[in-house]
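Trainee: Here you go, one structure.
The values are calculated or read from the model by the stated rules, or taken from the named source; none is laboratory data. Here the structure is a predicted model, which means the values were calculated and not measured. Note that each Cβ is placed from the backbone with ideal geometry, even for glycine, and that neighbours are counted across all protein chains shown.
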Amino acid sequence: MERSEVLIHYKDVYINQQEFCVLENIDLELNKGEFVYLIGKVGSGKTSLLKTFYGELSIASGEANVLGFEMKNIRRKKIPTLRKRLGIVFQDFQLLTDRTVRDNLKFVLKATGWKEKAAIDDRIEEVLKQVDMEGKGYKMPNQLSGGEQQRIVIARAILNRPDIILADEPTGNLDIETSCKIVELLKSISSKGSAVIMSTHNLHLAKRYPGIVYRCKDHHIKEITKEFFNEQSEQIEELVQKEDTKGTNHA
């Protein structure tokens, strides 16, 4: 059996924010094509963990390798090279509001080294088709619904065919039907080879679209996939209900 390609490898990693320990003793591995959920309460460290993957937050100690880059000692000038291989999906979209969808995407391609106009135009059409937003390139972000804006954010994230997509609460501001469509889209991207790590409060979504599940709690992260999908586990069911209520409040 062919061994999976390891994209992220963390062993005994500690993450601090201003001398305060956010997460400790992190052991985590992400392989090509995997779909991973990060669950846990607000402030449990999910976003901090994601930030370490793209060099926004430093590693305090431990082994931390992302796509061959040693994150504990990565040079600042190497971070843009790393980020070209990552796609980042934010809950609050972060689209440029003064330009069209097409120009938002064009801006990213030019910033990451694309120069040929024909190649840029072709790639933009390709990703808009992939996220089912063909014909919307001329629109301004404020002319789109929340779900449509999130599709454009995903289109932006996959422009450079990333090895990994990091999605931080991508359904947090969306209704349940739209949330399902966004997760289906991310799952389809994962099935084509990109690994996806998605933090979420909506645990019913995670139940509906299975993946590997890690929980952040009490400064630790633990894989709980088997417990999470075991219908007999009252503890996890209770967590699902509690966290899902919180997720509904965020919607």
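Trainee: Going through the stretch 32-47 one residue at a time, which ones are modelled with pLDDT of 95 or more and polar (S, T, N, Q)?
Mentor: Residues satisfying the conditions do not exist here.
Trainee: Another one. Taking the options GLU177, GLU169, GLU134, GLU125, name whichever one is modelled with pLDDT under 95 and farther than 27 Å from PRO210 by Cα.
Mentor: Within the list GLU177, GLU169, GLU134, GLU125, the selection yields GLU134.
Trainee: If you don't mind, there's one more thing I want to ask. Taking the stretch 62-105 as the region of interest, how many residues are of a type in the set (Ser, Thr, Tyr) and closer than 29 Å to VAL183 by Cβ? Walk me through it before giving the result.
Mentor: Narrowing the stretch 62-105 to residues of a type in the set (Ser, Thr, Tyr): 81, 97, 100.
Filter once more, keeping what is closer than 29 Å to VAL183 by Cβ: 97, 100.
Number of matching residues: 2.
Trainee: Given (1) at pLDDT below 95; (2) more than 19 Å from VAL6 (Cβ to Cβ), where does LYS72 come up short, assuming only one miss?
Mentor: That leaves (2) as the condition not met.
Trainee: Checking ALA118 against (1) of a type in the set (A, V, I, L, M, F, W, C); (2) closer than 23 Å to ASP163 by Cα; (3) assigned to a helix (DSSP H, G or I), only one condition comes out false. Which one?
Mentor: Checking ALA118 against (1) of a type in the set (A, V, I, L, M, F, W, C); (2) closer than 23 Å to ASP163 by Cα; (3) assigned to a helix (DSSP H, G or I), the one that fails is (2).
Trainee: Let me ask something else about it. Would you point out the residue of the stretch 223-251, among those that are of a type in the set (Asp, Glu), at pLDDT 60 or above and assigned to a helix (DSSP H, G or I), that is surrounded by the most Cβ atoms within 10 Å (Cβ to Cβ)? Before you say what the answer is, go through the steps one by one.
Mentor: Initially, the stretch 223-251 is screened for residues of a type in the set (Asp, Glu), giving 223, 227, 231, 234, 237-238, 243-244.
Filter again for at pLDDT 60 or above, leaving 223, 227, 238.
Applying the additional criterion that residues be assigned to a helix (DSSP H, G or I) yields 227, 238.
Details: GLU227: 15, GLU238: 10.
So the residue we want is GLU227.
Trainee: Taking the conditions exactly as written (among the small types (Gly, Ala, Ser) and within 20 Å of GLU177 (Cβ to Cβ)), does ALA195 satisfy them or not?
Mentor: Details: among the small types (Gly, Ala, Ser): yes; within 20 Å of GLU177 (Cβ to Cβ): no.
When the stated conditions are applied, ALA195 does not pass them.
Trainee: Sticking with this structure for a sec: Return yes or no: is LEU50 aliphatic (A, V, I, L, M), within 19 Å of the chain's Cα centre (by Cα) and modelled with pLDDT under 95? Don't jump to the end; show me each part of the working.
Mentor: On the way: aliphatic (A, V, I, L, M): yes; within 19 Å of the chain's Cα centre (by Cα): yes; modelled with pLDDT under 95: no.
No, not satisfied.
Trainee: Just one of (1) in contact (Cβ under 8 Å) with a residue 12 or more places away in the chain; (2) assigned to a helix (DSSP H, G or I); (3) crowded, with 16+ Cβ neighbours inside 10 Å trips up ILE79, so point out which.
Mentor: (3)
Trainee: I'm checking my understanding of the structure. Among residues of the stretch 148-180 that are without any contact (Cβ under 8 Å) to a residue 40 or more places away in the chain and closer than 19 Å to GLU126 by Cα, which one is farthest from the chain's Cα centre (by Cα)?
Mentor: Only one residue fits best here, namely GLU148.
Trainee: Right, here's the next one. If you go through the stretch 7-29 one residue at a time, do you hit one that is modelled with pLDDT under 95, touching a strand residue (DSSP E or B) at 6+ places or on another chain (Cβ under 9 Å) and farther than 17 Å from ILE221 by Cβ?
Mentor: No, every residue in the stretch 7-29 fails to be modelled with pLDDT under 95, touching a strand residue (DSSP E or B) at 6+ places or on another chain (Cβ under 9 Å) and farther than 17 Å from ILE221 by Cβ.
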